[in-house]
Every structure is written in structure tokens, then in C-alpha cells.
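The values are calculated or read from the model by the stated rules, or taken from the named source; none is laboratory data. Everything numeric here is computed off the predicted structure, so don't read it as measured data. Cβ coordinates were reconstructed from backbone atoms using ideal geometry, including for glycine residues, and neighbour counts include every protein chain displayed.
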């Protein structure tokens with residue numbers, strides 16, 4: 001397996017002044033081309049640090065890609081560091097990049113200064129890939145053992161513009177690069193530790209097919225299970241991954257909500273749209289979060305009818321039709337109120353499905369309903385189900401988790417009806 005390292009150069013990243021977005025795009029592109037990224041590294045604007053860090057990466061990786069430090073100012077020192085690393089003894093002017101420098105600066109009405117012209121000067125061991133989007137060229141260096149280093153500008157649109165040309169060069173020099181297949185499965189409604197224990201035997205058997213499993217938990221979307229393999233042809237990999245995913249789905253049942261990288265609101269929308277059904281929402285403790293999530297999906301007007309944020313008891317009673325005696329007998333945070341809220345908004349809007357929440361996001365609570373308690377109601381033609389959930393987060397995260405749990409319960413009811 002061909003391995004790569006991605007290195008960002010610049011103090012601005014290390015002090016948190018800017019966020020490195022280049023590495024994620026580069027890593028994804030390399031993976032798609034069968035190259036495994038073994039490390040991402042950020043390096044300060046220090047000559048010795050750059051040289052030593054890149055030397056260390058070249059010792060362990062076949063490909064090293066750097067971004068940053070190629071500007072016209074004195075703090076941009078990547079070029080001299082690469083000259084030292086590659087054993088270059090002089091600089092040479094690349095005519096193609098020099099023409100680009102003149103064209104870009106003149107198009108902006110800027111004077112062409114000596115520091116700008118110097119950007120077209122590269123170490124004599126460098127192979128130049130012209131950068132049509134900026135003044136600093138992309139440089140490639142060959143090292144012992146067939147290893148290669150690519151130096152890219154740090155400006156994101158320039159880096160991404162140069163990436164296809166670098167990939168073309170990589171494919172030419174590393175024709176043996178394999179194929180890596182990743183496939184994700186989305187799970188919700190179970191803790192990561194419990195899930196790991198539940199599928200332990202299945203996970204252990206993945207070694208037979210040279211498949212690696214990664215757990216990627218997120219409190220809102222659930223747990224993304226990512227299956228990866230680089231063994232065999234693309235067709236063999238596809239067959240193995242699909243067979244293993246079918247096994248896992250059979251074992252986990254409705255805990256699985258998507259066999260691709262997805263979110264609950266998109267899954268709910270997809271189910272409703274494909275069935276030609278509609279939904280409405282009655283929210284108390286979530287304060288409109290569920291409606292917000294559902295309407296972030298393009299085309300949600302096809303299935304989302306509306307919502308009522310019934311924070312006050314009077315709105316629950318006067319708008320949604322919750323019985324005052326139900327509130328008095330069972331309390332606002334109860335299965336009975338959640339059920340009547342869902343049924344009320346479904347009747348009010350004429351939707352096929354309705355989901356409701358009533359709970360305590362915090363701070364505050366009591367023995368019966370501690371902070372982080374939510375009752376969820378889902379109403380449909382088949383009847384109404386209620387579920388109690390308890391979380392232990394701050395107010396904001398509790399609200400987000402309440403909404404995610406409600407969407408998941410809605411999703412399960414919709415799936416059972418189809």
C-alpha cells in the first residue's frame with residue numbers, strides 16, 4: 001500500500017489564526033486514488049523544523065505533500081527549506097510561472113515587484129507544475145527509493161486547483177497504487193460501548209476478509225460505522241463489504257437508519273417523500289429544533305406541513321388540545337402529555353405523522369424527572385407511541401439530543417408503517 005503524509009507549513013495554523021481545510025480535501029483525494037494517508041502534520045515557520053520534519057516523513061512515507069509558506073514575504077521560507085532538503089545548490093527561473101506572475105498582477109492593476117518575480121524562481125532539483133491560479137508554482141521533488149514530495153501553495157483555491165495535476169503526477173510515478181473502499185452505516189439509539197459489545201463476534205470475523213471497522217460517534221447523528229478494505233480488486237472489495245453490511249443490518253435491525261453517511265433529518269425526509277406522506281411537529285423543551293432540522297433539507301416542503309412550539313401550558317391546552325386534567329394528573333413532562341401533543345398537532349395540520357417533545361433541558365428537575373429528561377410522542381394512523389429518554393448534558397446539548405432522539409423515534413414509526 002502506497003502511503004502519504006500531508007504537512008501544513010505556517011505559524012498561522014499553529015496559533016489558531018486560520019483553520020486548515022486543505023488537508024481534508026487532499027486526504028480524501030488520495031484515498032480515492034488508493035493511497036493511504038498515514039499522518040497529518042503542522043510545522044512552524046522555522047527552517048530547521050521544516051527540513052527535519054519533512055525528512056522524517058520521507059523516511060516513512062512514499063509521498064509527502066506540503067501546503068503553505070510559498071508567498072512573496074520574508075516569513076515564507078518553505079522554498080529555501082526544500083532547496084536544502086533536496087540538495088539543490090542554486091535557483092532557476094521557471095518561464096511558464098513567470099508569465100503567469102506577470103499576467104495575474106497586470107490583470108489586477110498591480111506593479112510587478114522583484115519579490116513577485118522571485119516567486120517564479122525554484123530550486124534546481126524541482127520539477128515545476130505551473131500554478132494558473134496564483135503566483136507561486138507547485139513543485140515536485142524526487143528522492144531516493146522513488147519517493148516524491150509535492151509543495152503546494154496554502155491558499156485553498158490554489159491548492160485545490162493544483163490537486164488534480166499532482167494526482168496525475170502521482171499516478172504516473174506510482175502505478176501500483178491500489179484501491180481503498182470505504183462504506184459507512186449509520187446507527188442510532190445505542191451507546192458506543194453497548195454497540196461494540198453487541199457486535200463483538202461479527203467485528204472479530206472481519207479479519208477473515210481483511211476489513212477494518214471504525215466507530216465514529218456523534219451525539220446528534222449517532223454512530224457511524226465505517227468499514228474499510230484495501231485487499232483485492234475493486235469488485236472483490238465491493239462484494240465483501242456489501243455482504244458484511246447485510247450481516248450487520250440483519251443483526252442490528254432498526255438501530256440502523258442508513259447504509260451510507262447520512263443524518264436523521266435527511267433519512268426521515270427521504271422516507272416521507274418516497275411514501276408520499278407528511279409530518280408535523282409539536283415541541284416544548286426543544287423549542288423548534290426539530291422543525292429547524294427537518295427544514296434544513298432541500299425539498300422538505302413536500303412533506304413538512306408545520307409545527308407548534310408550545311412552550312407554555314396554555315398553548316398546549318388551547319392550541320394543541322391537550323386536556324387540562326391530563327396536565328394536572330400526570331404533569332407536563334409525561335407520556336400522556338407527549339401523546340396528546342402529537343395527536344393534537346396531527347389533527348391540527350392533517351399530517352400523516354406527528355412527533356412531539358416535552359421535557360426538562362435544564363437546569364432544574366426533580367426525582368421523577370431529573371434534568372435531561374424528555375418524553376417523545378409519535379402519532380400516526382396506527383396509533384400513538386411514547387418513549388422516555390434521559391441525557392446528562394448541558395442545556396444546549398440536551399435540546400440537540402432531545403431533537404435527534406425524537407427524529408429517530410419518528411423514523412422508526414415511519415419505517416414500521418411502510
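Listed values, structure above:
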| read-out | value |
| --- | --- |
| Qualifying residue in the range 217-228 (condition: out of contact with any strand residue (DSSP E or B) (no Cβ under 9 Å at 6 or more places or on another chain) and either in the same structural domain as residue 342 (by TED's automatic domain parsing) or within 22 Å of residue 400 (Cβ to Cβ) (or both)) | yes |
| Residue in the range 136-145 that is within 29 Å of the chain's Cα centre (by Cα) and in the same structural domain as residue 83 (by TED's automatic domain parsing) present | yes |
| Residues satisfying the stated conditions in the range 1-24, i.e. in contact (Cβ under 8 Å) with a residue 40 or more places away in the chain and more than 21 Å from residue 72 (Cα to Cα) | 1, 2, 3, 4, 5, 6, 21, 23 |
| Test: residue 233 is within 17 Å of the chain's Cα centre (by Cα) and surrounded by fewer than 15 Cβ atoms within 10 Å (Cβ to Cβ) | no |
| Filter result (in contact with a helix residue (DSSP H, G or I) (Cβ under 9 Å, 6 or more places away or on another chain), in a helix (DSSP H, G or I) and either on the phi > 0 side of the Ramachandran plot or surrounded by 17 or more Cβ atoms within 10 Å (Cβ to Cβ) (or both)) within the range 260-288 | 264, 265, 267, 268, 269, 271, 272 |
| Enumerated strands (runs of 3 or more DSSP E) restricted to the range 174-259, each holding at least 3 residues that are modelled with pLDDT of 95 or more | 181-187, 222-229, 256-258 |
